[in-house]
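Read the figures in this text as sums done on the coordinates, not as results from a lab. Note that the coordinates shown come from a computational prediction; the quantities given were computed from them, not determined experimentally. For neighbour counting, all protein chains shown are included, and Cβ atoms are generated from backbone atoms with ideal geometry for every residue, glycine included.
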Amino acid sequence: MYLQKKIQRLIIFFMAALVLSGVTAFPVETELHWLLQHESVIPSFMLPWLQSCYAAIADTNTKYPMLAYGYDWLAFAHLVIATAFIGPLKDPVKNVWIIEWAMIACVAVIPLAFIAGPIRQIPFFHILIDCSFGVLGLIPLSICKRWINRLAKQQAKYY
């Protein structure tokens, strides 16, 4: 039972991270404005890029607010993906495939960032930041998968 609780805690952590990263897409203009008011904490090589992003988002939101709807859907997608983890939260062995699917999605972040990033004129440092989300997501998911495999072996002994 202890192993199942550890798995559940790790899944809840991952769900919370998804929700947090999703809801931050809603107020992106406000967040960038706040960040740029604290320029001293921003590495100098990132500052021009962030200023350009803020100017583009603020201008777009003023002239074409409907385009921000894409950020709303991005945020919503994170929330929906987080709900997929209710399955492994309830029965990790039966729903291990969701953990495996999420691991595939984390790996898929890397080629997407390296293909779409240059097309969209994203600076290399930002492509690496995007890739880090996939790499960092793999850590708890890999641990979770290993624990679920161990739990499956424990459960098989009883049946």
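Among His33, His126, rank each residue by its count of other Cβ atoms within 10 Å, from fewest to most, as a rough exposure measure.
Going from sparsest to densest Cβ surroundings: His33, His126.
With a cut-off of 14 Å between beta carbons, the residues surrounding Phe85 carry a summed charge of +2, where Lys and Arg count +1 and Asp and Glu -1.
Ignoring lysines fewer than eight residues from Lys94 along the same chain, the ones with Cα atoms less than 24 angstrom from its Cα are Lys5, Lys6, Lys145, Lys153, Lys157. Shown is the FRET efficiency for Trp101 and Leu36, computed with R0 = 35 Å from the Cβ-Cβ distance and rounded to the nearest 0.05: 0.40.
Which of the DSSP-defined H helices in the chain satisfy a minimum axial length of 30 Å, computed from C-alpha atoms, and a minimum mean Kyte-Doolittle hydropathy of -0.5?
Helices meeting the criterion: 2-23, 96-119, 124-158.
Name the residue, out of Ile57, Ile122, Ile86, whose mean-square fluctuation peaks in a Gaussian network model built on the chain with Cα pairs under 10 Å. Comparing Ile57, Ile122, Ile86 in a Gaussian network model of the chain, the most mobile one is Ile122. Run the paramagnetic zone check for Trp49: 7 angstrom along Cα to Cβ, then residues of the range 123-150 with backbone nitrogen under 14 Å. Correct set: 123-133.
For the chain, a Gaussian network of Cα nodes joined below 10 Å ranks Ala56, Ala17, Ala84 by mean-square fluctuation, and the top entry is Ala56. Computed on the chain, the Cα convex hull volume stands at 120 Å³ per residue. When the chain is treated as a Gaussian network with alpha carbon springs shorter than 10 Å, the biggest mean-square fluctuation among Lys63, Lys94, Lys145 belongs to Lys63.
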